[in-house]
Every structure is written in C-alpha cells, then in structure tokens.
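Novice: Questions regarding the structure given below will be posed in turn.
Please treat every number below as a calculation from the coordinates, not as lab data. Model, not experiment: these values are computed from the prediction. Cβ atoms come from the backbone with ideal geometry, glycine included; neighbour counts cover every protein chain shown.
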Amino acid sequence: MDMNKRTFLKSMGALGLAAVPSAQALADWLAEYDGQPSDVLASDEVFWDGIRQGYRLKIDYINLENGYYCFMPLVTLDKFIHHVKEVNFQGSYYMRTVQFENKKKVAARLAEVVGCQADELIITRNTTESLDMVIGGLDWKPGDEAVMAGQDYGAMLEMFKQVSKRYGMINKIVSVPLDPASDEEIMDLYANAITDKTRLLMISHIINITGQILPVRKICDMAHAKGVPVMVDGAHAVAHFRFSISDLNCDYYGSSLHKWLSTPLGAGMLWVKKENIGNVWPLLAEGDLPADNIARLNHTGTHPVHTDLTILDAIEFYQMVGPERKEKRLRYLQNYWTKKVRGIPGIILNTPADPARSCGIANVGIEGMNPEALAEKLMKQYHIYTVAIDVAGVHGCRITPNIFTTPAELDVLVEALKNIL
Ligand SMILES: Cc1ncc(COP(=O)(O)O)c(C=O)c1O
C-alpha cells in the first residue's frame, strides 16, 4: 500500500467523534483507484475498508438492516450540520431569498443522477408522500381498477384501500413469485390482472421484503400497450443500482433518498411524466399553476430546508465512491453470503437465484422457525441486527448490508444460520 493510502486509512481510523475526514482526503485517496475495474474493486477489501472508516459504526452489533435508513457517512453528516447552522444563522432571510431557488437546483442535480428531465421531478419527504399523493390525487370513479402486488409496500397498499373506500374503485392484488423463471412470467402475471377498467398499475422497482428487482421496462411496455399508466415504487432503487428513469418508460416514479443515497432522514423524490402532471390533484394546493407544471405538486409548507441542501452533498459522496463500484460491491456482498447458504436443506432463500434479479438486499428464513424468533436469536446470540418479515408469502429475515459491511461480518451471519439450523 502506498503512503497516501496508508495516511488516509490512519487518519480515518483515528476518527473520534470530533474528527471528520475531509472530502479532499477522501477524494485524494479514491483518485488512487481511478481506472481500476469495478469488477476487481468489488472484492478489494482495502478499498472498502477506507470507505468504512468514513462512517461512525456501533460496535454493539453487526448492522445488516440498512434497508430502513442508510445513515450518512461522516463527510455528509458534517455538511448537513453546516447547513443546519447556516440556515439557523440566516433565518427568515434564507427562507425568503434563496430557499426555493436552491431547492430547484437540488432537484435539477438529482434529475441528472436518476436520468430524467429537471422539470418533471420534485423533492419530497419520502416515497410514502410521493406515491400516496399520486394514489390519492387521481380522479377515481366507482368501478375503476388498480393493479398491484401483495409484496408491495404497506403504506401504498393502505392508501389504495383508502381510495377504494372513498371512491368505490377496486384493487386487484397479484402475488409475485419468489424465484421467477423468466421476465415473461412476471409480465403475464400483471397482464392477466389488467382489464378495460384498469386505470393504474403499481409495481415495485425492487421489492423491499425480498430484494427482487422487477423487469420494469418490459412491464411498462406491456401495460402501455393496453393503455394503462404505471407508477413505480423505487424506494430502494435510487443509488443502489444504476438505471435511468427515462429508460423505464413509466409514468410516475417515487423514491426515498434517505435509503441508498444516504441523505439525512426525510428526503424523497417524485417524478411525473409531463403529460401526467395535470392528472394529479395536489395533496396541498399550490396556487394557479399550469397543469403541466410539477411545482403544483410541491407545496410543502415550511420544512427542514437543510435536509434538501444536503441532498447535493449526498450525491457528491455517491459520485465519489462511484455508482458502478457501489452497485457491484453490494451485489458482491449479497452473493458472498447467499452462495454459502443457498441449497442447504432447511435454509430458505426468499430472493431469486438469478443474480440479475437482485442487488444488495436478500431475505433468508429457516424452515419451521418464525422470522421474529430468527431475528431475535440473531441479535441476542450473534449480535447481528436484521428485520423479521412475515407477510405476503415471505417468511424470513431481510439482510441489507451497506458499503461499509465486510465479508467477515457476513461470515458471522452464515455461521449463525448454520448453527441455528
Ligand atoms: C418498497 C418501499 N416503498 C416505500 C417505502 C416507504 O418509504 P418511506 O418510509 O421513506 O416513505 C419503503 C420503506 O421501506 C419501501 O421499502
């Protein structure tokens, strides 16, 4: 290892609460890896140890539940605190002068990352706000139908139930197979649920309880051929694996940025294809704007603007690490442990075997053991923090590493599973 790397790791490793690695130190160190193939870097433990040193991690347990919230690396946290202080210094002056201009700039930068037009994207608080605004804001008529899956996120399913009670629309719920044989199997599943009354199809980009990635483009093409718009729940997709919204051919896309982009809590996005913006009634009314102006859907009232500002810093960190490197590392980590347990009688993997159908997230269960008991045993006996999932035909613990997770930590999980079995 050369001097620069060693000095960097030392300075990162010596981190106390007060010390924060500078973005420059991180940049200098990462520069040494410039041009190295991401396939090779995926298993380069020195590289990822450097990244790990940039986080403050609890020593009490191995954190394999990064799916709820991928907390910030210290460089981003430091910038967030700076924004809090600055807004607290400028007060109303900030709010009345540059607040909205800054939010627009953030949205424009985010649009570059997710591959869409800037005037079709808004910053929200989270996926729930983004997608529930669409579900609740469409003009439902009695007898209209919406199609979704039992494996979709609870908050959206609840919102559909509410609009069903309110407007007499009907929800049709399909069940996505845990290990599909082909994209066609999934497309057919949704196609068979569509009728001439279907007004909206909701799909998950990646199913949060199993980690299964759906063939979004193919499903959207199929639905559009039947005249049905598609809303995509991308809560776990942004900054997890690479994609471009413009390639998906969908109509609405929502995500939570406090998940894989590692922004502060309470940052999300909603993208709406221009021609659909006018179809949605805003949850909170915003003046008399043209029907195709996305700002119609972005009236929030006064809210923590420093969170919005930090999205830029989180994007900078993501770009520095490298989207391709991050995706490949996360897939490497997931395959690292699932390969060691897949096929062992009694161990059930609820994530597709085809590596192209998943990335960092996977779900594992033990035959005859309820997921709560498994999660409790993992935590109490092995100091591994996970989350139990016992819904929609999925019975197991969701395992979500992050880029600071080490193979050695995953070995502890593998050994624990074998012992519990
Ligand atoms: C698939 C999916 N959709 C939506 C959400 C809701 O995200 P948030 O609570 O950030 O709104 C989650 C959260 O885990 C999720 O996994």
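Novice: I'd like the distance between the alpha-carbon centres of region 37-85 and region 239-307, rounded to an integer number of Å.
Specialist: Using only Cα atoms to place each centre, the spacing works out to 26 Å.
Novice: If you don't mind, there's one more thing I want to ask. Order by neighbour count: 391, 75, fewest other Cβ atoms within 10 Å first, most last. Please report the intermediate quantities before stating the final value.
Specialist: Values: 391 12, 75 23.
Ranking 391, 75 by Cβ neighbours within 10 Å, fewest first, gives 391, 75.
Novice: Still on this structure, I have one more. When the Karplus curve 6.51 cos²θ - 1.76 cosθ + 1.60 is applied with θ = phi - 60°, which whole-Hz ³J(HN,Hα) does each residue of region 385-399 get, with x for Gly and Pro?
Specialist: 8, 9, 10, 7, 10, 9, 8, 6, x, 10, 10, x, 9, 7, 10
Novice: Which whole number in µm²/s is D for the chain by Stokes-Einstein, with the Kirkwood Rh taken over Cα pairs at 25 °C and 0.890 mPa s? Numbers along the way, then the final one.
Specialist: Details: Rh = 22.6 Å.
D = 109 µm²/s.
Novice: I've got another one for you. Taking 0.36 nm per intervening residue step and subtracting the Cα-Cα distance, what contour gain separates residue 353 from residue 383 on full extension? Can you show the working numbers first?
Specialist: On the way: separation 30, 0.36 × 30 = 10.80 nm, distance 2.71 nm.
Using 0.36 nm per residue and subtracting the Cα-Cα distance, I get 8.1 nm.
Novice: For a quick check: with amide H placed at 1.01 Å from N, whose amide H comes under 5 Å from residue 124's, ignoring anything fewer than 5 positions away on the same chain?
Specialist: Residues meeting the criterion, in which the H sits 1.01 Å from N, are 268, 269, 270.
Novice: Same structure again: Cα convex hull of region 143-216: mean projected area in nm², to one decimal?
Specialist: Numbers: hull surface 18.7 nm².
With the hull built on Cα positions only, its mean projection is 4.7 nm².
Novice: Using r as the Cβ-Cβ distance of residue 88 and residue 182, and R0 as 60 Å, what FRET efficiency do you calculate, to the nearest 0.05? Before the final figure, lay out the partial values.
Specialist: Numbers: r = 55 Å, r/R0 = 0.91.
E between residue 88 and residue 182, to the nearest 0.05, is 0.65.
Novice: Mind giving me the FRET efficiency for residue 420 and residue 217? R0 is 25 Å, r the Cβ-Cβ distance, nearest 0.05 is fine. Kindly include the intermediate steps, with their values, before the conclusion.
Specialist: Numbers: r = 39 Å, r/R0 = 1.58.
Computed FRET efficiency for residue 420 and residue 217: 0.05.
Novice: Can you run phi through the Karplus equation (6.51, -1.76, 1.60; θ = phi - 60°) for region 355-361 and list ³J(HN,Hα) in whole Hz, with x for Gly and Pro?
Specialist: Computed from phi, the couplings for region 355-361 are x, 6, 9, 7, 9, x, 8 Hz.
Novice: Going 7 Å from the Cα of residue 197 toward and past its Cβ, which residues in region 149-166 have a backbone nitrogen under 12 Å from where you end up?
Specialist: From region 149-166, the list is empty.
Novice: Going by how many other beta carbons lie within 10 Å of each one, how would you line up 289, 131, 284, fewest first?
Specialist: Ascending Cβ contact count within 10 Å gives the list 284, 289, 131.
Novice: In addition: Taking 23 Å as the cut-off for C-alpha to C-alpha distance, list the pairs among 274/328; 58/339; 377/418 that go past it.
Specialist: Working: 274/328 33 Å; 58/339 27 Å; 377/418 13 Å.
Correct reply: 274/328; 58/339.
Novice: Check which residues have an amide H placed less than 5 Å from residue 204's amide H, if you skip close sequence neighbours.
Specialist: 233
Novice: On to the next question. Please list, in chain and number order, the residues 5+ apart from residue 397 or on another chain whose amide H is under 5 Å from its amide H, with Hs placed from the backbone.
Specialist: 364, 365, 389
Novice: Further, regarding this structure: Which trypsin sites (Lys or Arg not before Pro) in region 57-88 pass both tests, a DSSP loop state and at most 14 other beta-carbon atoms within 10 Å? Show your work: numbers first, answer last.
Specialist: On the way: sites: 58, 79, 85; in loops: 58.
Counting only loop positions with at most 14 other Cβ atoms within 10 Å, the trypsin sites (Lys or Arg not before Pro) in region 57-88 are 58.
Novice: While we're here: Taking the Cα centroid of region 108-178 and of region 322-348, what is the distance between the two, rounded to the nearest whole Å?
Specialist: When both Cα centres are located, 30 Å separates them.
Novice: Nearest 0.05, what FRET efficiency do residue 167 and residue 226 give at R0 = 22 Å with Cβ-Cβ as r?
Specialist: Numbers: r = 22 Å, r/R0 = 0.99.
Computed FRET efficiency for residue 167 and residue 226: 0.50.
Novice: To continue, here is another question. With a 10 Å Cβ neighbour count serving as the proxy for reagent exposure, in which order, fewest first, do 82, 236, 306 appear?
Specialist: Numbers: 82 14, 236 27, 306 19.
Fewest-to-most Cβ neighbours within 10 Å comes out as 82, 306, 236.
Novice: For the chain, what does the helix formula give at 222 nm: sum of -39500 (n - 2.57) over DSSP H segments with n ≥ 4, over the residue count, nearest 500 deg cm²/dmol? Intermediate results must be reported in sequence, preceding the final value.
Specialist: Numbers: 17 runs with 187 residues, N = 421.
Only helices count here, giving -13500 deg cm²/dmol.
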